[in-house]
1. From the list Tyr309, Tyr304, which residue is over 30 Å from Lys199 (Cβ atoms), of a type in the set (Phe, Trp, Tyr) and not assigned by TED's automatic domain parsing to the domain that holds Thr201?
2. Quick one: is Ile249 over 21 Å from Pro39 (Cβ atoms) and part of a strand (DSSP E or B)?
3. Say whether the condition of being buried (at least 18 other Cβ atoms within 10 Å of the Cβ), in contact with an Asp or Glu (Cβ under 8 Å, 6 or more places away or on another chain) and either at pLDDT 95 or above or over 26 Å from Gly260 (Cβ atoms) (or both) is met by at least one residue in the range 18-29.
4. Kindly check whether there is at least one residue in the range 191-207 that is in a helix (DSSP H, G or I) and either buried (at least 19 other Cβ atoms within 10 Å of the Cβ) or of a type in the set (Ser, Thr, Tyr) (or both).
5. For Val222, state whether it is crowded, with 16+ Cβ neighbours inside 10 Å, closer than 25 Å to Ala354 by Cβ and in contact (Cβ under 8 Å) with a residue 40 or more places away in the chain.
6. For the range 110-144, name all the residues that are among the polar types (S, T, N, Q) and either under 22 Å from Ala329 (Cβ atoms) or crowded, with 21+ Cβ neighbours inside 10 Å (or both).
7. Going through the range 275-296 one residue at a time, which ones are under 12 Å from Thr343 (Cβ atoms), assigned to a loop (DSSP other than H, G, I, E, B) and under 19 Å from the mean Cα position of the chain (by Cα)?
8. Considering only the range 325-344, how many residues are over 18 Å from Val103 (Cβ atoms) and exposed (fewer than 14 other Cβ atoms within 10 Å of the Cβ)?
Amino acid sequence: MKLRSIKCITFALLVGGAGFSPSTGAGAAEPIRVGAVLPFSGGVELYGQQAKLGLDLAVKDINAAGGILGRPVEVIYADDKTRPASAVAATHELIERDGVVAVVGPITSRNLNAIVPVAESQKTPLLYATNYEGGKCSRYVFAFSTVPNQELGQLLPYVNETIGNSYFLLGADRIWPHQMFDLAQPLIEKLGGKVVGIKYTLGTETDFTPLITQVAASKAKVLLFALKGDGMDFIRQADDQGLLKDTTIAFLGLSEVDLGIFRGKGQNMVTVVPSVATSDEPSVKAFVAKARAEAGADVAVSNYVMTHYNTLIALKAAIEKAGKADKEAVVDAMAGLVVPSPTGPVTIGQDHHATMNMFIAKTKGSDLVTVRALGEIAPQPGCKLADR
C-alpha cells in the first residue's frame with residue numbers, strides 16, 4: 001500500500017480488489033473520501049499499521065458490496081509522525097485540500113487533543129478508535145474504543161478479587177497514564193485496596209533495574225501498567241529479574257500487536273479489551289482469517305484492527321441513513337446507530353461514545369486468551385455533549 005505524507009491510496013482504482021465491475025456503475029461514481037491521520041513513524045507505528053489494516057479491510061468489504069449509495073470509498077492516509085504539529089497539518093490538508101467527509105484517527109491522546117479543535121472548526125466528523133481517558137464530548141467527535149469505566153473499571157475489580165489488593169502504578173509520563181492513574185486511585189480505595197507506589201518513566205530508560213527493584217520492594221501484588229513504545233522492554237527485564245513470580249501485571253491498553261515485543265516473557269498478564277483474536281466465535285475467527293489473508297498469516301490482529309474497521313462500517317450506515325454524504329447529516333445520523341461488528345453490536349450513544357462487548361484476557365504463550373466475557377459495557381465518558 002502506498003502512503004503519501006500526505007500520500008494517498010485510491011481504492012476505487014483497484015477495480016478487482018474493490019469488487020466493482022463496469023456493469024454496476026459504482027466504479028465510475030465520484031468516490032466518498034475519508035481521511036486517516038495515523039502514526040506511520042515516530043515510535044507508535046505498530047498501532048498505525050494495525051489501524052490501517054482495519055480500514056483497508058472495511059474499504060474492501062464496503063466496495064465489494066457496492067460502496068455507499070453506489071459510490072466507492074477512498075481512504076487518504078497521512079502520517080502524523082506521532083507529533084501534534086504534524087497531526088494538525090495533516091488534518092487541515094485532508095479536510096481543506098482533499099475534501100474528506102470524515103477523518104479517522106489519530107492514536108495518541110496528545111495528537112487527539114491537537115486535532116479535535118481542527119475537526120470542530122472545520123465541522124468535520126472525527127472518528128477516534130483508540131482507547132483513551134475520556135472527556136472528549138463534541139458534536140464532531142465519535143469514540144469507537146474504550147473509556148476508563150469500560151477498561152479500568154472492569155480490570156480493577158477482577159484483579160482485586162482474584163490476585164490481591166496492593167497496587168503499584170507504573171506509567172509513561174504522558175497524558176493518558178496520568179489521567180488513567182488519577183481515575184484508578186479512588187477506584188482502588190473503593191475496592192478496599194491500597195496504592196503502595198506510583199512512578200512515571202522518563203521514556204529514556206534502557207535499563208529498568210532500578211524501577212523493577214522499587215516495585216519489588218513495595219511488595220505490591222498488582223502492577224498497574226500503562227507503558228507503550230519505549231517502555232515495553234520493562235516486561236522482559238522484569239520477567240528475567242523474577243518480579244512476575246510474586247506480582248501480576250494488570251496491563252492497560254495491551255493488545256496482540258504488543259506481544260511479539262515480549263518474546264515469550266510476561267505470561268499471565270491481564271487486561272481488558274473489546275476483542276480477542278483467539279476467540280472461538282465464528283464471526284471473530286472469520287474476521288481474523290480475512291485480516292491474515294490480506295496482510296499475511298503471521299500478522300497480529302488486535303482490537304485496533306477491529307475498532308478501526310468499525311469506524312467505516314458506522315460511517316457507511318450513517319451516510320445511508322442520512323441519504324447523502326454530507327458532514328452535518330452524517331453527524332446527526334451517527335448518534336444512536338447500532339452497527340454490526342464481529343464481536344457483536346456496537347451502539348453509538350447520544351454522547352458519541354460506544355457501547356460494546358468487553359473481555360478480560362490474559363497473555364498465554366504468544367497470544368491473548370479470553371478469561372471472562374463481560375458482555376456489553378456502556379461508556380461513561382466523563383463529559384456531556386453540549387446542545388448544538
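The values are calculated or read from the model by the stated rules, or taken from the named source; none is laboratory data. Please read these numbers as outputs of a predicted model, since none were measured by experiment. For neighbour counting, all protein chains shown are included, and Cβ atoms are generated from backbone atoms with ideal geometry for every residue, glycine included.
1. Tyr309
2. Criteria met by Ile249.
3. No, there is no match, as no residue in the range 18-29 is buried (at least 18 other Cβ atoms within 10 Å of the Cβ), in contact with an Asp or Glu (Cβ under 8 Å, 6 or more places away or on another chain) and either at pLDDT 95 or above or over 26 Å from Gly260 (Cβ atoms) (or both).
4. no
5. no
6. Asn111, Ser121, Gln122, Thr124, Thr130, Asn131, Ser138
7. Scanning the range 275-296 gives Ser275, Val276, Ala277, Ser279.
8. Going through the range 325-344 one residue at a time, the tally reaches 3.
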